[in-house]
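Notes follow once the structure below has been shown.
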Amino acid sequence: MKPGALVLVSGPLDRADHWQQAGVELGDHDVVTPPSTADGPPYAVAWIASLARPLHARRMRDPLVLIGHGTAGPLLPALARTQRAGGRGVGGYVFVDAALPRPGAPSFLDLLRAADADVAESAHEALHAPGAGWPPDAPRPRGHDFWTEPLPAAPDWPDAPCAYVRTGSEVPGTGPTSFWARSAHSRGWRVLEGADLSTLLADAVDALPG
């Protein structure tokens, strides 16, 4: 497809500048990399609002393609709703080493449990320690309330074409990306795998219908 703008979104566990290098390498496109700095409850709503504000303030051409990494994946439908509410079109989604939205209002821990029940159980036990943050290898570990908070529901989704990119890097907090790639494939989405992220992203966007 021919996108108006690529919106590269880092997950709540990522560094705020996670997409900086990819944004430079995708210079042939109109690329937007809004930083998420929200850290307080309600976590998902605060995260979405912290991204929606700078996106609404920026002039961008339709359609937007929302590209999410890691734990950003399950929140992309809610972020898309904020953009449509502002009169913008969302033409597609690309999930990069990301967990995927699921029906209902699962928590991040529920999604992790779907991907790897053993890791989820270990995480839940670790999170009961006072002041504990998990996972310890994430740039921004989060506490028990973050992991068990119900996420915004995604009714009538997917509402635009989707693709999945798997780089081979396991992302803290999502469970095996191979699980999510298989889930994407079972939905009939295009799944691209490799190590050259900028090429994979460009190919994934090109493969979106529209």
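Coordinate-derived values only; no laboratory data. Everything numeric in this text was worked out from a predicted model, so none of it was measured. Note that each Cβ is placed from the backbone with ideal geometry, even for glycine, and that neighbours are counted across all protein chains shown.
Data for the structure
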quantity	calculated
Which of Tyr93, Tyr164 has the fewest Cβ neighbours within 10 Å, and the rest in rising order	Tyr164, Tyr93
Extreme residue, positive dipole direction of the chain, given options Val65, Gly89, Gly168 (C-beta unit charges)	Gly89
Förster-model FRET efficiency, 22 Å R0, Ser186 and Asp62, C-beta, rounded to 0.05	0.15
Only Lys, Arg (+1) and Asp, Glu (-1) charged, at Cβ; the chain dipole about Cα centre in debye	780 debye
Gain on full stretching of the segment that runs from Ala49 to His124 - 0.36 nm per residue minus C-alpha separation	24.3 nm
Estimated FRET transfer efficiency when R0 is 30 angstrom, pair Asp196-Asp116 (beta carbons, to 0.05)	0.65
Whole-angstrom gap from the range 76-113 to the range 5-54, using each part's C-alpha centre	13 Å
Whole-number Å³ per residue for the convex hull built on Cα positions in the chain	107 Å³
Candidates Gly87, Gly70, Gly175: whichever shows maximal mean-square fluctuation once the chain is modelled as a Gaussian network with Cα springs under 10 Å	Gly87
Rounded to the nearest 20 debye, dipole of the range 1-66 from Cβ charges on Lys, Arg, Asp, Glu	260 debye
Shape category assigned to the range 50-102 from the gyration tensor of Cα positions, a/c cut at 1.5	prolate
Contact order relative to length of the chain, as percent, for alpha carbon pairs under 8 angstrom and 6 or more apart	23 percent
Contour excess over end-to-end distance, with Cα ends at Ala16 and Lys2 and 0.36 nm allotted per residue	2.3 nm
Radius 10 Å from Cβ of Gly194, net charge of other residues (Lys, Arg +1; Asp, Glu -1)	-2
Cα-projected label distance for Phe179 with Thr148, points at 7 Å along beta-carbon direction, nm	2.0 nm
Proxy reagent accessibility, fewest Cβ within 10 Å first, across Val65, Val31	Val31, Val65
